[in-house]
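The structure appears right after this line, and notes come after that.
The values are calculated or read from the model by the stated rules, or taken from the named source; none is laboratory data. The structure presented is a predicted model; accordingly, all values stated were derived computationally and were not measured. No Cβ is skipped: glycine too gets one built from the backbone with ideal geometry, and neighbour counts run over all protein chains shown. Keep in mind that these areas ignore ligands, DNA and RNA; they rest on the heavy atoms of the full protein, side chains included. Shrake-Rupley method; radii C 1.70, N 1.55, O 1.52, S 1.80 Å.
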Amino acid sequence: MAALFRGFSSFFFLFFFFFLFWFTMSASTVAGGRQSALVRGDCAYTRCYCEENVWKLCEYINDHEQLSLKEFFTVFISNDQKMVPIWNQQAGHGDQPVIWDYHVLLIHDSDGNHCNVYDLDTTLLYPCPFDTYIKEAFRSEDLITPAFRRHMRVVRADLYLKTFASDRSHMRDADGKWRMPPPPYPCIVTTEAKMNLDDFISMNPNVGWGDVYTLPQFAQRFGRTKS
């Protein structure tokens with residue numbers, strides 16, 4: 001009986017240990033009630049090259065097959081003035097927004113109910129629940145002069161991976177010098193294009209790929225109350 005009890009105790013201890021290990025690992029990958037296979041360390045990052053950072057993240061997802069790339073959407077944020085305020089950015093100071101000419105995010109929408117935002121430049125959670133990101137990073141449109149309100153071009157991540165191209169010429173000054181150091185890998189090109197970044201930044205719905213939304217439309221499309 002003693003030997004049987006000791007054997008049972010050992011089994012129970014091992015079972016409890018592995019359960020605790022599984023629970024800890026699972027909890028570490030949950031954001032906003034959603035499990036995520038992506039952490040910041042998985043992502044290639046070059047400051048001020050958000051369009052390429054997101055492209056490389058799409059490439060990582062596609063290559064590793066932990067998640068389906070079909071569940072992801074690339075989001076370009078800009079407007080006609082190319083001046084969009086976004087709060088809680090690493091480049092910001094205090095509670096002041098950063099005014100970007102454009103910014104790029106990745107959204108994960110796996111079950112149609114909850115979405116997560118991957119923003120490599122945010123000080124918020126990574127990934128961040130969509131509704132939290134909208135509230136903390138975009139704030140209210142009522143605070144924004146109408147001419148500078150944010151618009152979003154939403155492109156399927158698999159389509160973005162196939163079509164995006166950049167020769168990085170937008171990051172050179174009039175003398176050809178880099179405004180910011182470029183990524184260490186070669187320029188991203190396709191068989192059809194070497195540079196089509198402006199087609200993604202444009203908020204003209206008749207240009208480029210994907211669909212263009214206002215901020216309220218975007219929040220309804222991916223938020224908890226989306227239709």
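Data for the structure
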| read-out | value |
| --- | --- |
| Given (1) over 18 Å from residue 216 (Cβ atoms); (2) touching a helix residue (DSSP H, G or I) at 6+ places or on another chain (Cβ under 8 Å); (3) not in a loop (DSSP other than H, G, I, E, B), index of the condition residue 56 fails | (2) |
| Flag for residue 149 being among the basic types (Lys, Arg) and touching a Leu at 6+ places or on another chain (Cβ under 8 Å) | yes |
| Unmet criterion (only one of (1) over 16 Å from residue 218 (Cα atoms); (2) in a strand (DSSP E or B); (3) open to solvent by less than 30 Å² (accessible area, probe 1.4 Å)) for residue 75 | (1) |
| Meets criteria (closer than 14 Å to residue 89 by Cα and in contact with a Ser or Thr (Cβ under 9 Å, 6 or more places away or on another chain)) for residue 159 | no |
| Residues (buried (at least 20 other Cβ atoms within 10 Å of the Cβ), of a type in the set (A, V, I, L, M, F, W, C) and out of contact with any Ser or Thr (no Cβ under 7 Å at 6 or more places or on another chain)) located in the range 79-131 | 86, 100, 105, 107, 115, 117, 120, 130 |
| So residue 197, is it farther than 14 Å from residue 167 by Cα and touching a residue at least 40 places away in the same chain (Cβ under 8 Å) | no |
| In the range 142-154, the residues that are in contact with a helix residue (DSSP H, G or I) (Cβ under 7 Å, 6 or more places away or on another chain) and either among the hydrophobic types (A, V, I, L, M, F, W, C) or in a loop (DSSP other than H, G, I, E, B) (or both) | 149, 150, 152 |
| Residue in the range 45-58 that is open to solvent by less than 40 Å² (accessible area, probe 1.4 Å), charged (D, E, K, R), at pLDDT 95 or above and out of contact with any Asp or Glu (no Cβ under 6 Å at 6 or more places or on another chain) present | yes |
| Matching residues in the range 132-141 - criterion: being open to solvent by 20 Å² or more (accessible area, probe 1.4 Å), part of a helix (DSSP H, G or I) and of a type outside the set (A, V, I, L, M) | 132, 135, 136, 141 |
| Which numbered condition residue 206 misses (of (1) free of Cβ contacts under 8 Å to residues at least 12 places away in the same chain; (2) open to solvent by less than 60 Å² (accessible area, probe 1.4 Å)) | (2) |
| Positions within the range 155-186 being within 27 Å of residue 211 (Cβ to Cβ) and in a loop (DSSP other than H, G, I, E, B), in sequence order | 164, 165, 167, 168 |
| Test for residue 186: is it within 22 Å of residue 58 (Cα to Cα) and without any contact (Cβ under 8 Å) to a residue 24 or more places away in the chain | yes |
| Residues located in the range 87-109, provided they are among the aliphatic types (A, V, I, L, M) and not in a loop (DSSP other than H, G, I, E, B) | 98, 99, 104, 105, 106, 107 |
| Search result, residues across the range 110-121 that are out of contact with any Gly (no Cβ under 8 Å at 6 or more places or on another chain) and either over 13 Å from residue 219 (Cα atoms) or in a loop (DSSP other than H, G, I, E, B) (or both) | 110, 111, 112, 113, 118, 119, 120, 121 |
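So that you can scan it fast, the table gives a plain yes or no per residue for (1) open to solvent by 60 Å² or more (accessible area, probe 1.4 Å); (2) over 21 Å from residue 46 (Cα atoms):
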{"position": "143", "(1), (2)": "yes, yes"}
{"position": "149", "(1), (2)": "yes, yes"}
{"position": "154", "(1), (2)": "no, yes"}
{"position": "168", "(1), (2)": "no, no"}
{"position": "173", "(1), (2)": "no, no"}
{"position": "176", "(1), (2)": "no, no"}
{"position": "200", "(1), (2)": "no, no"}
{"position": "216", "(1), (2)": "yes, yes"}
